[in-house]
Structure formats: C-alpha cells, structure tokens
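The values are calculated or read from the model by the stated rules, or taken from the named source; none is laboratory data. In this text, all values refer to a predicted model and were calculated from it rather than measured experimentally. Here the Cβ positions follow ideal geometry from the backbone for every residue, glycine too, while neighbour counts run over all protein chains shown.
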Amino acid sequence: MFVKVKVNDSTLEVGTVIAYDSINAIWSSAANDNDMVGVIEQAPEQDTETSEWFAKTSFAGATLALADRAIPDEGGELCVVNGRVYVDNTADGCGIIAPLPRGQVSRVANDLVMVHLR
C-alpha cells in the first residue's frame, strides 16, 4: 500500500523511513518506530503550484529501506533510528527485515534491505 504524502524537503532518499510530525503537519525522517512509519519508494517531487514536496510512500507490506548498520544474515525484528532500519530481536518492532536472499552478500550500513512493514 502506498500514498503520496507531504514531506519536509527534497533531500529524503529512497528507502528513508518517515513518520508524521504533527507539530509541522508534515512527514519527515523517523527518529524511532514508536509511531506509524512509512518508507519512501520514489524520490520526492515538488508540486509546481504550491512548491511543496511529496513522496510516494509505503505504509504496509514489502518494500526496501535503508540500513542503519550491518544487518544479520538471518534478518529479524525491524526497528528504526534516524530514518533507517536495524535488527533488534529483543524489541517488538514494526515489522521484519528479511533474511539474506540466496546468492547475496551480507548487508551493511546504507544498503537497501527488504523489509515488511506491519
């Protein structure tokens, strides 16, 4: 499921995890996974009439997110810090990070990794 949402600027990368900022009424990089999160699927585009930025964002299901650090080959509980994902199997995350696919190399910081948001 995806929606085009208003984001804070054009510098948000594909794979950035975002959360709603109710103070500014805009979506921006998520500090954590305490609230509902989405993942940017396409680079933000500027509305020609309003000059506001919008990005196609997934809120459920499989998508690709930026890794904050090395991801264990077995994957695990999806957690968020600074707009990126990592595995913490001691937490109740907001989804899962998929195990390493066949024939792939171990995933490190800044790689796009397959996640399933719930």
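With the structure loaded, tell me whether E74 is of a type in the set (D, E), loosely packed, with under 13 Cβ neighbours inside 10 Å, more than 15 Å from R118 (Cβ to Cβ) and out of contact with any Leu (no Cβ under 9 Å at 6 or more places or on another chain) or whether it fails that test.
No, not satisfied.
Mind checking which residues of segment 29-64 are farther than 20 Å from D111 by Cα and of a type in the set (S, T, N, Q)?
Those that are farther than 20 Å from D111 by Cα and of a type in the set (S, T, N, Q): N34, Q46, T48, T50, S51.
Looking at this structure, is E41 over 21 Å from C79 (Cα atoms) and acidic (D, E)?
no
Those residues that are under 16 Å from V14 (Cα atoms) and in contact with a Lys or Arg (Cβ under 6 Å, 6 or more places away or on another chain), I need them from segment 39-72; list them, please.
E41, Q42, F54, K56, L66, A67, D68
Just a yes or no: is a residue in segment 66-80 within 16 Å of V3 (Cβ to Cβ), assigned to a strand (DSSP E or B), free of Cβ contacts under 8 Å to residues at least 40 places away in the same chain and out of contact with any Pro (no Cβ under 8 Å at 6 or more places or on another chain)?
No, there is no match, as no residue in segment 66-80 is within 16 Å of V3 (Cβ to Cβ), assigned to a strand (DSSP E or B), free of Cβ contacts under 8 Å to residues at least 40 places away in the same chain and out of contact with any Pro (no Cβ under 8 Å at 6 or more places or on another chain).
Listed here are the residues, each with its yes/no results for (1) under 20 Å from D88 (Cβ atoms); (2) part of a loop (DSSP other than H, G, I, E, B); (3) in contact (Cβ under 8 Å) with a residue 24 or more places away in the chain; (4) not acidic (D, E).
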| position | (1), (2), (3), (4) |
| --- | --- |
| D9 | no, yes, yes, no |
| L12 | no, yes, yes, yes |
| Y20 | no, no, no, yes |
| I23 | no, yes, no, yes |
| W27 | no, no, yes, yes |
| N32 | yes, yes, yes, yes |
| G38 | yes, no, yes, yes |
| Q42 | no, yes, yes, yes |
| E49 | no, yes, no, no |
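Filter segment 81-112 down to the residues that are without any contact (Cβ under 8 Å) to a residue 24 or more places away in the chain, of a type in the set (V, I, T) and not in a loop (DSSP other than H, G, I, E, B) and list them by number.
Passing the criteria: V87, I96.
Could you count how many residues in segment 1-53 are at positive phi, of a type in the set (S, T, Y) and buried (at least 18 other Cβ atoms within 10 Å of the Cβ)?
Residues in segment 1-53 being at positive phi, of a type in the set (S, T, Y) and buried (at least 18 other Cβ atoms within 10 Å of the Cβ): 0 in total.
Give the residues of segment 66-94 that are at pLDDT below 95 and closer than 16 Å to V39 by Cα, sorted by residue number.
Across segment 66-94, the qualifying residues are G93, C94.
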